[in-house]
Amino acid sequence: MRNSPAQSVFDFITSRLPLYKLNMKDMVTEKEVPVHRMSWGYYLGGLALFFFGIQVLTGMMLLFYYEPTVSEAHESVEYITHFVTMGALIRNMHAWSASFMIFCVIAHMLTALAMKAFAKPREMTWIAGVLLVMVTFAFGFTGYLLPWNQIAVNATKVGLASIDQVGQYLPDALSHLAEEVRVTIQGAPAIGQATLSRFFALHVVILPLIVSGILGLHLLSVQLHGMSQGVEDKPKRKEKFFPFFILKDFKEWGIAFLILFVLALCLPFDSLFPYPLLEPYNALGSTPDGIKPEWYFFFVYYPMEMLPFWVIIVVMTIATLGLFAAPWIFRNSSHKTMRWIASAVAGYMIIMTLFGEQIYHAVKG
Amino acid sequence: MRQISLLLVLLTGWSAASAYPEFQRFSQEHGGQPINCAMCHASGDGPEGAGRGQIGSLTPDELNRLNAARGAFAAGVLVESPILNEFGNKIIYQIGKTRFLELRAHPEQLADAYGFASDLDVDGIPDAQEYLDGTHPLNEVHGNPWRLFLHNLAAYKLHVFMLALATAAGLWGLSHLLFGLAQRTRASAANHNSN
Amino acid sequence: MLELFAFVGLPYMAILICIVGVVWRLRKDPYGVTSLSSQFLEGKQLRWGSLPWHFGILLIFAGHLVAFLIPGMWQSLMSVPWLLVSVEVLGIAATLLCLIGLGVLFFRRLTTGKLQKTTKLADFVVTSLLIAQVALGLMVAGGYRWGASWSTGTLTPYVWSLVTLSPDVSVVRDMPLPIQLHMTGAWLILLILPFTRLIHMVSVPIHYLFRSPQKVVWSNPRRHEQAVTARVTQESRRHFLKAAFGLGTAGVLLSVGVLDKLGRFFQMPGMHKDEEANLLETRLRRLQLTAEEKELELERMRAEEIFVARLSELNGQAGKYFIDYAMRPGLAFKGEDGWPMLLSAKCTHLGCTVGNQVDASGRILCPCHVSYFDIKTGMPNPGAPAKAPLDKIAWVVRDQNGSEVATESARGSRTGRIDVAIADTCSLYIVKSLTLEA
């Protein structure tokens, strides 16, 4: 006998968001986490959450001094760095923590893929997670522009200009559409105050709001469903979520905080760039040498430099759709297959991030 | 006409205008990263032009100082050239204009001639080393990352130690808080069951 | 003579007697090394006396010990004004706590009947001595303020001179009387320590705090269950105690090291007048630059023609930058035929600004992704990331009198003729109408 449609919708929702588990017993006292050789993957999401928390705190502190106008942005950042007590520390923490957060988010996604954590009933969790990855990249992209120095604006310019390139593959009647999209994002034909205002609004208001919504859903469903099994065989050992697992989470946060603090205190983020790139953006001068995006964009940036643009578009589209549809595409794949896929992706990302520049020079001569 | 002079100011490419490109070329190659004239000059675009810190914009008083600096052939003369920054002026003070001009043929010797005692931005890396590394000698958050890290770590070791202590103590306390709570909840759960 | 005895003889005597006495007590009667607790006889008042006293004196003692053991670091910490004030306030508070506690204990000894039998003269001596000592300490703290800071340079070297067996009384000789008495009192307390209840200092059962609880019970099911519950309660209490200790330590360390600076993050930074002026100057200049940029933009909206350069300023080796009607950078060269060549300097790949130096094969380079553009045609080199040529920009050349000599549209169609004889007196403009025509 078939269920009525209303009943099956209800069933779908309760199995995906089992709110009846929202009690002390299921969430705390009886909750268990499998222990196996992939268990380390369970901690990456928590770590990303921790760095996000740091971003929110330091970000709010920076807001006290930052001024989002083309004439003041650079000076206000310099003011924070050189004059405000602990300003350099807070700013460096924000910069380092951003990189760490993106690293954790990517690693979290790949381990979730490897552990087939998206399988029923966790499809919603996975999709929310993929959205969060994208929002995180959007955070990185919009935040990068705000210091309004040479590298920030020029890298953003290059990034946005790649939207234009889509136009050449569209039918003639629509070919201006790509440029219109870019101009809309920029707010003006050229990058300027309009762009800065928009990116600032996105970075400090809109994206945080989006994140808090999706993140709430993500965390709630993670907590309701508990950790996925992660490996083929039923794990022999399990450990209590409370207090053992959560304690390890906290310990990791402590270590992460120490590392972050030492780096932010001792290694200014600015020192990683040639100093001409740190000068205020000069709209009318020539572009200085050495403009490139942040490391977390290398995996698309260098291929974009080497391959025809349509290849990038096709691959990116397939990859994005594939990520969203993973719970259904890989429904019947084994854990082993998933590990292979995830390792291949991870290997590609690592190689492109570390050696992308060398590969680019080798290819281009 | 105002706009015209403005254009001149804004559009001078740096590569065209550096007065002593030998040093820039050397620093760039030795340090492995692009630099511009702002290492020694007041303007990133070098001394020629009409912008701030460039010859075209000097007041009579500044011109006097420029001429005084140009005449500082021997070492040990305090100069305040308006087209140079603090580091540039210090170079002239340390080695004198004559020696400086001689060194154009051997830009690698400038660091030794200048000496490794001065550290104008107090970031722990001597100016001469920053010249070799191609980093900014007047920006305390700019320097060779590794050297900067080591220096700051040594300078802040007490802070780092105290924070490590605080983190360890906090985690230790937190773990006991969790264990205590876990025991209480387990006990109350057991009581519920037995009742 | 007296001062030599008080500051050298007495200390060494006290230390010696203390050590010998303690060893003697421990060997003679190891189980008698206690404070002779009277908690069973009277508990209520004891709590109000003993706890404040012990908390206070431990804190005070720790303070003295720190100034003795790490004078250098302590001194540098005490040079922070608010920290010094906090330490002094804390110290005085602890002293008052001690006095209150001792007062209660003294009163209790005097008034509680059950205690009278076990109270000896020595107890009164000890308590009086302690009260006097604490009171002297309070006098010193009140009368000769900021002792936490000055003691590191005076008393610490003196005590260290005793420890290193090279007594040096020069610093303490001229100290005010209350301080000298306070020191003498300390040596006296040390002297009588082995012979009074103070001996309990050497047998403080610190390990009780951390050992797991032991409970002796009769075994039957009900008792067993009770015992288990009690054990869980006790164990969790122990956990909470440790938690409070750990988190408290972390909190104190963080508030000392970080929180005050976090607070100062929001304060206006104290800047030197020069620094402030320089900063203002930089900011003003940035504002001016922005304003000038906007002026350029306005000019491009309104003016039909915009001056680029005199023809004589142009050459074929280094292009001259200018801003075109779309507010994009452009480059002006002079060709071999003496005609100007105007190209957009915005790279057709990803929009970087192309360099202005012409290489041997007549090309300019975009530094971002290495595309070379021919300055005659604007075409990129084969295989370059950029595919489309750089746009040509329409121009007009006018002579001294402002009459039109030659033009070129954005499509490249030319009109007029440039006479070499007058070329150097001519000026180059970009033209809105010809730009729009394209």
Are any of the residues in region C:396-403 open to solvent by 20 Å² or more (accessible area, probe 1.4 Å), polar (S, T, N, Q) and within 14 Å of chain A (Cβ to nearest Cβ)? no
Options C:W48, C:W53, C:W24; residue that is open to solvent by less than 40 Å² (accessible area, probe 1.4 Å) and either at positive phi or not β-branched (V, I, T) (or both): C:W53
Matching option when the condition is away from chain B (no Cβ under 14 Å) and either open to solvent by less than 70 Å² (accessible area, probe 1.4 Å) or modelled with pLDDT under 90 (or both), among C:F333, C:F373: C:F373
Residues in region A:78-91: is at least one more than 28 Å from A:N282 (Cα to Cα), within 14 Å of chain C (Cβ to nearest Cβ) and either touching a His at 6+ places or on another chain (Cβ under 9 Å) or in a loop (DSSP other than H, G, I, E, B) (or both)? yes
Between a first residue in region A:2-28 that is over 22 Å from A:M227 (Cβ atoms) and a second residue that is surrounded by 11 or more Cβ atoms within 10 Å (Cβ to Cβ), which pairs have beta carbons less than 8 Å apart while being 6 or more apart in sequence or on different chains? A:N3/A:D11
The condition of being under 28 Å from C:T184 (Cβ atoms) and buried (at least 16 other Cβ atoms within 10 Å of the Cβ) holds, among C:L96, C:L105, only for C:L105
Exception for A:K248 within (1) more than 14 Å from chain B (Cβ to nearest Cβ); (2) open to solvent by 20 Å² or more (accessible area, probe 1.4 Å) falls at (1)
Can you run down the residue pairs with Cβ atoms below 8 Å, 6 or more apart or on separate chains, where the first is in region C:106-125 and closer than 15 Å to C:Q45 by Cα and the partner is at pLDDT below 80 and among the acidic types (D, E)? C:R108/C:E42; C:T112/C:E42; C:K114/C:E42; C:L115/C:E42
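Here's the yes/no breakdown for (1) open to solvent by less than 80 Å² (accessible area, probe 1.4 Å); (2) within 13 Å of chain B (Cβ to nearest Cβ); (3) in contact with a His (Cβ under 7 Å, 6 or more places away or on another chain):
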residue: C:H239; (1), (2), (3): yes, yes, yes
residue: C:V252; (1), (2), (3): no, yes, no
residue: C:S255; (1), (2), (3): yes, yes, no
residue: C:F265; (1), (2), (3): yes, no, no
residue: C:H272; (1), (2), (3): no, no, no
residue: C:E276; (1), (2), (3): no, no, no
residue: C:L284; (1), (2), (3): no, yes, no
residue: C:R310; (1), (2), (3): no, yes, no
Test each condition in (1) open to solvent by 40 Å² or more (accessible area, probe 1.4 Å); (2) within 14 Å of chain B (Cβ to nearest Cβ); (3) part of a strand (DSSP E or B); (4) within 30 Å of A:A178 (Cβ to Cβ) for C:M301 and report the one that comes out false. (3)
Are any residues in region C:366-405 assigned to a loop (DSSP other than H, G, I, E, B) and under 52 Å from the mean Cα position of the chain (by Cα), and if so, which ones? C:P367, C:C368, C:H369, C:V370, C:A384, C:P385, C:A386
Picked from region C:336-346 (must be assigned to a loop (DSSP other than H, G, I, E, B) and out of contact with any Phe, Trp or Tyr (no Cβ under 8 Å at 6 or more places or on another chain)), the residue farthest from the other protein chains (Cβ to nearest Cβ) is C:D337
Do we have C:L296 as open to solvent by less than 20 Å² (accessible area, probe 1.4 Å), touching a Leu at 6+ places or on another chain (Cβ under 9 Å) and part of a strand (DSSP E or B) here? no
In region A:261-312, residue farthest from the chain's Cα centre (by Cα) [restricted to those that are in contact (Cβ under 8 Å) with a residue 60 or more places away in the chain, more than 7 Å from every other protein chain (Cβ to nearest Cβ) and assigned to a loop (DSSP other than H, G, I, E, B)]: A:N282
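The values are calculated or read from the model by the stated rules, or taken from the named source; none is laboratory data. It should be emphasised that the depicted structure is a prediction, and the values quoted were computed from it without experimental measurement. When we count neighbours, we look across all protein chains shown, and the Cβ atoms used for this are built from the backbone with ideal geometry, even at glycine. Please note that ligands, DNA and RNA were not included when accessible areas were found on the heavy atoms of the full protein model with its side chains. Shrake-Rupley method; radii C 1.70, N 1.55, O 1.52, S 1.80 Å.
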